[in-house]
Structure formats: structure tokens, C-alpha cells
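Report on the structure given below.
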Amino acid sequence: MQLPVLSTEQLVLRPITEKDTAALFSLFSKEEVTRYMDIDAFTNITEATQIITYFRERWEKQEGMRWAITFKGKDELVGTCGFHHWNKTHYKIELGYDLLPSYWGKGIMTTAIGQILQFVFEELQLNRVEAFVDPLNAASSRLLGRVGFRHEGMLRDAFFEKGKFVDADLYSLLRREYDREAIWQ
């Protein structure tokens, strides 16, 4: 089964393919993009090739999904968004996203997340979407608030990343709280 193409007025969210290798390398080689992620900034283009394979395998195994964020009329990847750690037993999934810094603060990720939330709640019939955010990443916390997520608390030393233990703020959105109208505002 192919990952579906999702679209909004300005965006097309499509499967990530090999043609995105250079754009993914550009995205993930920026320290400001990977600062709060569990990966180091890319230093070799083969890392982009490997992550494309990883995203594809996660979808094929029904363990996650990741879309390329592109603008309508232009097919160049400017970011990615999607889900990982798909727990079918408990009807929940974890949200992840990233965007080229030149597009930060323009509402692009708010729109993209709104579209993929619609997909997981309405098409996949999941009950819970979680997001883990570094407590220092205020922009990500604000974004999640805009799309309806609630802060549940901070998990101390929740992850071991880049050689150290890091805390994580846990956010969630439940299906019963999901209001499509609120996401588009």
C-alpha cells in the first residue's frame, strides 16, 4: 500500500523518494534543524539515502509514516512530517516534524500537521497522538498548542541523545479532543 498524498490549499504532502536525497541532506545537515532531535546533523549524503530507506521501511511494516512537505506547483521538499512508534494495540502514534529554517514562523507546519492529524484520526481511526519535545524548544511547544495538543508533563532524563540524558515534555491530542476547525485557525 502506498502512503497517500495529502494536500491543502498551499501544500502537497507526498511520500519521500530518492529524488529528495539532496533536499533531505540540505535539511538535516543544518544544526538548527537537528538541535532538538535525536540525530546529529548530517555530514554525508549517504545519511539522506539511509533515512529515505528507513522512512519507506517503517511504512511498509506499518510502524510509522513520513511525508515530504512541498508547495503546490513546486515539488521540492522543504520539510517532513509524520508519525513513528505506531502502537496498534493502543491506537496511538508519535508525531515528528522538521522544516527548513527559512520557512519557520510562516504557518507551514501548522497546516501540514493539521492535514496529517485529519488522516490519522479520520482514516486510521487512531485515538491518541503523542509528541515529545525538548523543554528548551519553545517554538515546537507553541506549535503543538496551536494545533490542539495538551501538555501532560515533563519526563525527566527520558532519552539518551547525543551522549547525554535529556528531559522531554510530553504533549498529546486525543481523538475526542480533535476539532478540525480549531486546527485551521
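The values are calculated or read from the model by the stated rules, or taken from the named source; none is laboratory data. This is a predicted model, so every value here is computed, not measured. Quick reminder, even Gly has a Cβ in these numbers, built from the backbone with ideal geometry, and neighbours come from all protein chains shown. Surface accessibility is based on the protein's heavy atoms, side chains included, excluding ligands, DNA and RNA. Shrake-Rupley method; radii C 1.70, N 1.55, O 1.52, S 1.80 Å.
Values as computed for the structure displayed
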{"item": "Heavy atoms of Glu18 accessible to a 1.4 Å probe, total area in Å² rounded to 10", "result": "100 Å²"}
{"item": "Assigned charges on the beta-carbon of Lys, Arg, Asp, Glu; region 126-168 dipole about Cα centre (debye)", "result": "160 debye"}
{"item": "Solvent-accessible heavy-atom area per residue, rounded to whole Å², over region 1-93 at 1.4 Å", "result": "55 Å²"}
{"item": "In nm, spacing of pseudo-spin labels at Arg156 and Ser102 (7 Å Cα→C-beta vector)", "result": "4.4 nm"}
{"item": "Sequence-distant lysines (8 or more away, or on other chains) whose Cα lies within less than 28 Å of Lys162", "result": "Lys30, Lys61, Lys92"}
{"item": "Val129, Val12, reordered so the largest accessible area comes first (probe 1.4 Å)", "result": "Val12, Val129"}
{"item": "Spin-label pair Thr49/Glu123, simplified geometry with 7 Å Cα→Cβ offset, distance in nm", "result": "3.0 nm"}
{"item": "Whole-number percent relative contact order across the chain, with pairs defined as alpha carbons under 8 Å at least 6 apart", "result": "17 percent"}
{"item": "Placed amide H near Ser29: partners under 5 Å, 5+ positions off or other chain", "result": "Phe42"}
{"item": "Accessible surface, per residue, of region 94-185 when the full set of protein chains is kept, probe 1.4 Å, Å²", "result": "53 Å²"}
{"item": "Carbon plus sulfur fraction of accessible area for region 12-159, probe 1.4 Å, in percent", "result": "49 percent"}
{"item": "Residues Thr17 and Asp40, FRET efficiency given R0 of 25 Å [Cβ-Cβ distance, rounded to 0.05]", "result": "0.60"}
